[in-house]
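The values are calculated or read from the model by the stated rules, or taken from the named source; none is laboratory data. For clarity, every value in this text was computed on a predicted model and none was experimentally measured. Glycine also receives a Cβ, built like all others from the backbone with ideal geometry; neighbour counts cover every protein chain displayed.
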Amino acid sequence: MPELIDDPKQPYEDLRQSMIDVQRANRYLGGTSVIKHQAVSWLRAAAVKRKETAEPVSFLDVATGSGDLPLAVLAAAAREKVPVNIIGLDFSGPILRFASEPEQVGRQQAIRLVRGDAFELPFADASVDYVVCSLAFHHFGQDGSTAVLREMERVSRRGWLVNDLRRAWSAWYLFRIVSFIARMNRMTRHDGPASVLRAYSVAEYHSMPQSLGLKPGTDYTLKRSLWYRVSMVRNK
């Protein structure tokens, strides 16, 4: 089932409101906390190595959406007192327009928004310390997700994180109820359940890094969390 957010003909105001709904879902259903927790771990590891280099830690957020996750990483970096440079990449012009608004990423000099293709990231090999991607793999299809993960592996110097949904009919019913009670935007009410149906099983998630020759537990870890979330983390 296609998602309305992928349709460039949708009215901008509807897309804008849907992106605000996604921000709330990230905040209250675990997406933001997964990214922040891992970012803090990476930032603390970088702080230990600060004697070796004064370079900021670099992050790339693939399919950044509204830029709420780069903002969360930036806030974590400020608390840890570690300088960072963050790139938020998205292919959608309307989504980047929203992310550029002053109330979103627009005022943050440490975050740079870039339009680009997740399947061919416009960055050199090992040019970014950490690459993250949240709630986007289910848009790509399984083969496409593996291709994007290959690009994340290529571009990242120290590691990457993928955070997305786990497919389950109970998650489909739950989101239908939550979106109705929360009076979410029409696009969100359509796209949320569609996202769940387009998501992957745990075995399918495992198949992606394994197709790159990575071994579970040794090269990457996969964790399930509340609200049907799955995260895969690689530390190089």
Please indicate, with yes or no, whether at least one residue in the range 194-211 is of a type in the set (S, T, N, Q), in contact with a helix residue (DSSP H, G or I) (Cβ under 6 Å, 6 or more places away or on another chain), part of a helix (DSSP H, G or I) and surrounded by fewer than 20 Cβ atoms within 10 Å (Cβ to Cβ). yes
Inspect all residues belonging to the range 60-73 and state whether any of them is aliphatic (A, V, I, L, M), surrounded by 14 or more Cβ atoms within 10 Å (Cβ to Cβ) and either more than 17 Å from the chain's Cα centre (by Cα) or under 22 Å from ASP14 (Cα atoms) (or both). yes
Has the range 124-138 got any residue that is closer than 23 Å to GLY192 by Cα, assigned to a loop (DSSP other than H, G, I, E, B) and either among the small types (Gly, Ala, Ser) or under 17 Å from the mean Cα position of the chain (by Cα) (or both)? yes
State whether one or more residues within the range 201-217 are farther than 20 Å from GLN23 by Cα, among the β-branched types (Val, Ile, Thr), touching a strand residue (DSSP E or B) at 6+ places or on another chain (Cβ under 9 Å) and free of Cβ contacts under 8 Å to residues at least 24 places away in the same chain. no
Quick count over the range 161-186, residues being modelled with pLDDT of 80 or more and assigned to a helix (DSSP H, G or I), is 1
Flagged pairs (Cβ under 6 angstrom, 6 or more apart or on separate chains; first in the range 135-157, modelled with pLDDT of 95 or more and surrounded by 20 or more Cβ atoms within 10 Å (Cβ to Cβ); second of a type in the set (A, V, I, L, M) and assigned to a helix (DSSP H, G or I)) are SER145/MET208; LEU149/MET208
